[in-house]
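Take a look at the structure below.
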Amino acid sequence: MGYKTEIITKDKIKTSNWSGGTTNEIYIYPKDSNYKDLNFKWRISSATVELEHSTFTNLPKVYRYITTLEGSMDLCHNKGPLIHLEPFEVHGFSGDVNTESFGTVTDFNLMIGPGCDGVMNALNLTEGSLLKLNLNKRRNRYSYHNYIFFSPNSDLTLTIDGNNISLPKNHTLIIESCEKDSLSSIEIASSQPCNIISIEVGF
């Protein structure tokens, strides 16, 4: 098996304060990197935005993806038009633009550092459905890559090349693959309708 998995539970999450609320750092790679030093390749977090109007921290050379888990928000980049986000609508933007937010929410973030590539999507499962992600088109893009899954409202069962993994709600699954051809498919099943955050990062 050319991959390994890790489930991030609440006791593994690092919580800190920012100017508009609190941030829960779910995972940072490499593990010895530091958010404040901006020396990470990628980072996932969930934050509360407790102010109706707040300004995001400027992050040079970082690309960001954001969605809300609870509540709706409006974003404004460099005093431009408002971008409205409902829960599980994903928006990507450069971390070095001036970004203001409007609305009190709980959000979910992916940050991509220099030398790394990635994307975040929101997937929807209906009751009793099975979602299959075919990795054949993507697996040769990187020599090293990770797949990340987070479900805030429902337990999941993931089947990775025939191996079943149970992922409780509000936990995060990190799949680390070091070989180009080590993964071919991931199947995701839920007993109830749910939204899932799906992330792929690589370099």
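The values are calculated or read from the model by the stated rules, or taken from the named source; none is laboratory data. All values reported here derive from a predicted model rather than from experimental measurement. Ideal geometry is used to build each Cβ from the backbone, glycine not excepted, and the neighbour counts take in all protein chains shown. Protein only, heavy atoms only, side chains kept; ligands, DNA and RNA dropped before computing areas. Shrake-Rupley method; radii C 1.70, N 1.55, O 1.52, S 1.80 Å.
Solvent-accessible surface (1.4 Å probe) assigned to Ile83 amounts to roughly 50 Å².
Quote the charge dipole size of the chain about the Cα centre in Debye, to the nearest 20; the model charges only the Cβ of Lys and Arg (+1) and of Asp and Glu (-1).
It works out to roughly 580 debye.
Extension gain for the segment Thr5 to Ser19, taken as residue separation times 0.36 nm less the Cα-Cα distance, is 1.7 nm to one decimal. On the protein heavy atoms, probe 1.4 angstrom, tell me the percent of accessible surface of the chain carried by carbon and sulfur. For the chain, the apolar C and S fraction of the accessible surface comes to 47 percent.
Among 86-98, 17-29, 38-50, sorting by the average number of other beta carbon atoms lying within 10 angstrom of each residue, highest first, gives 38-50, 17-29, 86-98. Overall, the ratio between the Cα radius of gyration of segment 19-161 and 2.2 N^0.38 Å, rounded to two decimals, is 1.11. Taken over the chain, lysine pairs spaced eight or more positions apart, or on distinct chains, with alpha carbons under 14 Å apart number 9. Using the average count of surrounding beta-carbon atoms within 10 Å as a protection proxy, the listed peptides 103-112, 72-81 rank, highest first, as 103-112, 72-81.
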